[in-house]
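Participant: So that we are looking at the same thing, I have put the structure below in structure tokens.
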Amino acid sequence: MADFLHMGGYGAYVWSSMGIVFFLLLLEPLLLVMQRKSIIKDIKRIKRMEQRTKSHNK
Amino acid sequence: MKINWFKYAAPMNFYSLSGKLIPLFWVAAIALTLIGLYLGFFTTPNELGNGMKEYYKIIYVHVATVWMAMWLYGMMVFWALIGLIFNTRLSYMMASATAITGTLMTFAGLVTGAIWGKTSWGTWWDWDPRMTTYLILFFVYIGYISLQASIDDTRRSDKASAFLSVVGLAIVPVIYYSINCPDPDQCASLHQESSFKGVESNILKGMLITTLGFWMYSFAVIMMRTRNVILKREQKTSWVSKLKEVS
């Protein structure tokens, strides 16, 4: 296991490459989920506001 | 069975179809990437015949991200062209959703390439044709995103950035020929040619399967982003207000 992590002395290079790539590949969908939540929140808020104005105008 | 493709050009239909497909792409992406990396790390030699030491294992993520950077550019131009020809809103949304994932892949390719360069050539960066043209691809992506963000009117920004992406397509064959130079005497390059010849079969399998995993990943995130763009742009339509998630 230690040998595997050591990568013949190049562990820092190999694992930092993997780390950076997979960090980005996890970050992207995470940000998208957060963006989706915030868009849905906005739509709901606007919908509520519209309903309130409608009932107010009645 | 005849499929009516134009049906899915309507954002509403695409929204519901992609909602079902995204989990499948995620499963495929995770499974293929794990299999590819397993083959690449556990079934291959520690040192290659040409003197490359274990650092060559960066290849699995480097090649996958660099390939995706170029293919996604092609895909972005494809959607941009469909948008320009048929004037379909969804195609423009797909093009802009592809751009960000493409930029991310290009960036990851640059960083992993620099790390690999440090181990094998002793330098993080060299202005050799391959790296320079690839850096230009990164700037073209950034240009596309900036142009789109700088125009408020959606239709105009979609069209303008679509034209820019088509013009920028010129860089892709330049990148390809900068590495597979027709006359090696004319263009000296630190970067080795991208050839499958003589590559050990498990290394090749690891590389290809990981790349396939990255393709599936790209489909999943591009669909997720397109759905966000649809929700944002169509939020005033009645079909959006009837969606389960916003009620």
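The values are calculated or read from the model by the stated rules, or taken from the named source; none is laboratory data. What you are looking at is a predicted structure, and each value in this text was computed from that prediction instead of being measured. Positions of Cβ are generated from backbone atoms using ideal geometry, with glycine treated the same way; all protein chains shown enter the neighbour counts.
Participant: Among B:119, B:133, B:112, which is facing chain A (nearest Cβ under 10 Å), modelled with pLDDT under 90 and either surrounded by 18 or more Cβ atoms within 10 Å (Cβ to Cβ) or more than 15 Å from the chain's Cα centre (by Cα) (or both)?
Facilitator: Values: B:133 fails: facing chain A (nearest Cβ under 10 Å); B:112 fails: modelled with pLDDT under 90.
Going through B:119, B:133, B:112 in turn, just one is facing chain A (nearest Cβ under 10 Å), modelled with pLDDT under 90 and either surrounded by 18 or more Cβ atoms within 10 Å (Cβ to Cβ) or more than 15 Å from the chain's Cα centre (by Cα) (or both): B:119.
Participant: Something else now. Can you tell me which of A:44, A:54, A:37 is surrounded by 14 or more Cβ atoms within 10 Å (Cβ to Cβ) and among the charged types (D, E, K, R)? Steps first, answer last, please.
Facilitator: On the way: A:54 fails: surrounded by 14 or more Cβ atoms within 10 Å (Cβ to Cβ); A:37 fails: surrounded by 14 or more Cβ atoms within 10 Å (Cβ to Cβ).
Result of the check over A:44, A:54, A:37: A:44.
Participant: If we keep just the residues of the stretch A:5-29 that are more than 7 Å from every other protein chain (Cβ to nearest Cβ) and closer than 10 Å to residue B:54 by Cβ, which is surrounded by the most Cβ atoms within 10 Å (Cβ to Cβ)?
Facilitator: Of everything passing the filter in the stretch A:5-29, A:11 is surrounded by the most Cβ atoms within 10 Å (Cβ to Cβ).
Participant: Can you tell which of B:214, B:196, B:163 is modelled with pLDDT of 85 or more, more than 30 Å from residue A:51 (Cβ to Cβ) and more than 16 Å from the chain's Cα centre (by Cα)?
Facilitator: Working: B:214 fails: more than 16 Å from the chain's Cα centre (by Cα); B:196 fails: modelled with pLDDT of 85 or more.
Just a single option satisfies the conditions, and that option is B:163.
Participant: Going by the structure shown, is residue B:234 within 11 Å of chain A (Cβ to nearest Cβ) and either within 30 Å of residue A:41 (Cβ to Cβ) or modelled with pLDDT under 75 (or both)? Spell out the reasoning first.
Facilitator: Working: within 11 Å of chain A (Cβ to nearest Cβ): yes; either within 30 Å of residue A:41 (Cβ to Cβ) or modelled with pLDDT under 75 (or both): yes.
When the stated conditions are applied, residue B:234 passes them.
Participant: Got a sec? Which of B:48, B:39 is at pLDDT below 95, touching a Phe, Trp or Tyr at 6+ places or on another chain (Cβ under 7 Å) and either more than 14 Å from every other protein chain (Cβ to nearest Cβ) or outside any helix (DSSP H, G or I) (or both)?
Facilitator: Details: B:39 fails: touching a Phe, Trp or Tyr at 6+ places or on another chain (Cβ under 7 Å).
That would be B:48, the only listed residue that is at pLDDT below 95, touching a Phe, Trp or Tyr at 6+ places or on another chain (Cβ under 7 Å) and either more than 14 Å from every other protein chain (Cβ to nearest Cβ) or outside any helix (DSSP H, G or I) (or both).
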